[in-house]
1. Between MET1 and VAL35, what FRET efficiency follows from the Cβ-Cβ distance if R0 is 22 Å, with the result rounded to 0.05?
2. With a cut-off of 8 Å between alpha carbons and a minimum separation of six or more residues, what is the relative contact order of the chain in percent?
3. What's the extension gain from VAL18 to ALA46 if we count 0.36 nm per residue and subtract their Cα-Cα distance?
4. Calculate the radius of gyration of the Cα atoms of the range 31-72 to one decimal place, then report Dmax, the largest Cα-Cα distance, as a whole number, both in Å.
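Just so it is clear, none of the values below were taken in a lab; they were calculated from the coordinates. Predicted model only: the values in this text are computed from it and were never measured. Backbone-built Cβ (ideal geometry, glycine too); neighbour counts: all protein chains shown.
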Amino acid sequence: MSARLDGNVIVLEGPCRVEDAEPLLGWLQADRSRVVDVTDAEHLHAAIVQILMALGPTLKGAGKDAFIRDWIAPALMVANSAETPPQEG
């Protein structure tokens, strides 16, 4: 399995396949404050990306693969920031 829970951080590493989607979803639903580290991710299955887009956890890293780094990570960060409510000030 390419997804593991390390304290309050969910680490995605190597090729993250569809089998990793269910534990990822469970860990994020159990504690929405968890950070997802994609620093060592080489591939993210579409199910993983959909969970990250839907739940909007804080992301760390940008992945080893150029496609993740150049397209997926920036899209997730934009999607996640769009869900942040405006601050009153």
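1. Numbers: r = 19 Å, r/R0 = 0.84.
Efficiency, from the Cβ-Cβ distance: 0.75.
2. 25 percent
3. Working: separation 28, 0.36 × 28 = 10.08 nm, distance 0.78 nm.
So the chain would gain 9.3 nm between VAL18 and ALA46.
4. 9.9, 30
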